[in-house]
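One structure is given here, and the rest of the page talks about it.
Taken together, the values in this text are just the output of simple stated rules run on the coordinates, not laboratory data. If you're wondering where the values come from, they're calculated on a predicted model, not measured in any experiment. Because the Cβ atoms are built from the backbone with ideal geometry, glycine has one as well, and the counts that use them run over all protein chains shown.
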Amino acid sequence: MTLIESIIIAIVEGITEFLPISSTGHMIITERLLMLPKDDVFTKLFTVAIQLGAILSVVVLYWRKFFDFTKWQFYLKLVVAVIPALGIGFLLEEKIDELLESPTTVAITLLAGGFILLFIDKAFNHPVIERERHITYSKAFIIGLWQCIAMIPGVSRSAASIIGGMQQKLTRKLAAEFSFYLAVPTMAAATGYKLLKTYKDHREVLVDKHNLMLLGVGNLVAFIVALLAIKFFITYLQRYGFKLFGWYRIIVGAVLLVLIYTGYLQ
């Protein structure tokens, strides 16, 4: 992977991590378009590890929330919500890795998720919970279960957890913000586990100075771009809802299926 390729992938990650369009799916497709080897150990690590840079933007934007240690319930809710992802992710690790190599899976889930987003605003249009302190532990756990659907590439962790929040009667804004909060422990755990496993099985990948430089640059770029994406998404979501993202997913999913069917995308 070259420096330019790492920056391109990081920009894609930063833009898509918090939008309901699947960052993992977009990075998989970007890697294929860049013709990077799909079985390359560092490429697989990079795809996961640069998500840490993006989620750190949440900590910066919501620093008052994350560093208010007097409200310990907030942290406990995140722990409760992240438990399903940790358990299911560990049990289905090999199957998830297989799906990460499938552009067809990404295309189909982008398409299907797009149709869902077209109607999601009408499906959950009677929210009653406007503040994080009113989210119960049971609701946090259920949102965490919804998030697990995003282990299928193309689903979107953001979309799944936001829809889960809206299903639990959260407003669109609060559902999106709680999804952002939940991304921090979820992706920190995923990144940490991937780094440890790579260090154990392929230590040479993590001691290579070029690879370390790419990881550093990638996380920095993803962090900066994600800062801008979050601000845009919250404002747009409050005003217009999910329909635009639904149409985007449908169009992209359909184009990808055509590219795969005609052999332009392997």
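Could you quote the convex hull projected area for the range 1-87, Cα atoms only and averaged over all directions, in nm²? Mind dumping the intermediate values first?
On the way: hull surface 28.1 nm².
About 7.0 nm², averaged over all directions.
Can you compute the modelled spin-label distance between L76 and I7, with each label point 7 Å from Cα toward Cβ, in nm?
Taking the simple label geometry, L76 and I7 are separated by 4.7 nm.
Which distance in Å, rounded to a whole number, links the C-alpha centroids of the range 1-58 and the range 203-224?
Centre-to-centre (Cα) distance: 12 Å.
Summing -39500 (n - 2.57) over the DSSP H runs of n ≥ 4 in the chain and dividing by its residue number, what mean residue ellipticity at 222 nm do you reach, to the nearest 500 deg cm²/dmol?
Values: 14 runs with 205 residues, N = 266.
Using -39500 (n - 2.57) per qualifying helix, the result is -25000 deg cm²/dmol.
Using modelled backbone amide H atoms (1.01 Å from N, in-plane), which distant-in-sequence or interchain residues come within less than 5 Å of Q168's amide H?
Those qualifying (amide H under 5 Å, at least 5 residues apart or on another chain) number zero.
Work out from phi, with θ = phi - 60° and the Karplus expression 6.51 cos²θ - 1.76 cosθ + 1.60, the ³J(HN,Hα) of each residue of the range 68-79, listed in order in whole Hz, and give x for Gly and Pro.
Karplus values, whole Hz, x for Gly and Pro: 9, 6, 6, 9, 5, 4, 4, 5, 5, 4, 5, 4.
Does the range 73-196 come out rounded, prolate or oblate, given a ≥ b ≥ c as the square roots of the eigenvalues of its C-alpha gyration tensor, rounded meaning a/c under 1.5 and, failing that, prolate meaning a/b above b/c? Write out the running numbers ahead of the final one.
Working: a/c = 2.55, a/b = 1.21, b/c = 2.11.
Oblate is the answer for the range 73-196, as a/c is 1.5 or above yet b/c matches or exceeds a/b.
Please report the Cα spread of the chain along all three principal axes, rounded to whole Å, starting with the longest.
Cα spread of the chain along its principal axes, largest to smallest: 49, 43, 34 Å.
Going through the cross-link list K38/K194; K139/K243; K44/K139; K38/K209, which pairs have a Cα-Cα distance over 28 Å in this structure? Working shown, then result.
Numbers: K38/K194 16 Å; K139/K243 25 Å; K44/K139 33 Å; K38/K209 22 Å.
Among K38/K194; K139/K243; K44/K139; K38/K209, the Cα-Cα distance tops 28 Å for K44/K139.
Would you order L244, L237, L36 from fewest to most other beta-carbon atoms within 10 Å of each residue's own beta-carbon?
Ordered from fewest to most neighbouring Cβ atoms within 10 Å, L244, L237, L36 come out as L244, L36, L237.
Of the listed peptides 59-65, 171-177, what is their order by residue-averaged count of other C-beta atoms within 10 Å, with the highest listed first? Kindly include the intermediate steps, with their values, before the conclusion.
On the way: 59-65: 13.3, 171-177: 20.3.
The peptides rank, most packed first, as 171-177, 59-65.
Please work out how much length the chain gains when fully extended from I116 to W247, using 0.36 nm per residue of separation minus the C-alpha to C-alpha distance, in nm with one decimal. Intermediate results must be reported in sequence, preceding the final value.
Details: separation 131, 0.36 × 131 = 47.16 nm, distance 1.01 nm.
So the extension gain works out to 46.2 nm.
Taking the Cα centre as origin and putting +1 on Lys and Arg beta-carbons and -1 on Asp and Glu beta-carbons, what dipole magnitude results for the range 73-215, to the nearest 20 debye?
On the way: 15 positive and 12 negative charges, 118 e Å.
In total the dipole reaches around 560 debye.
Can you tell me, using C-alpha contacts under 8 Å and at least 6 residues apart, the relative contact order of the chain as a whole percent?
Numbers: 390 pairs, mean separation 98.5, N = 266.
Relative contact order here is 37 percent.
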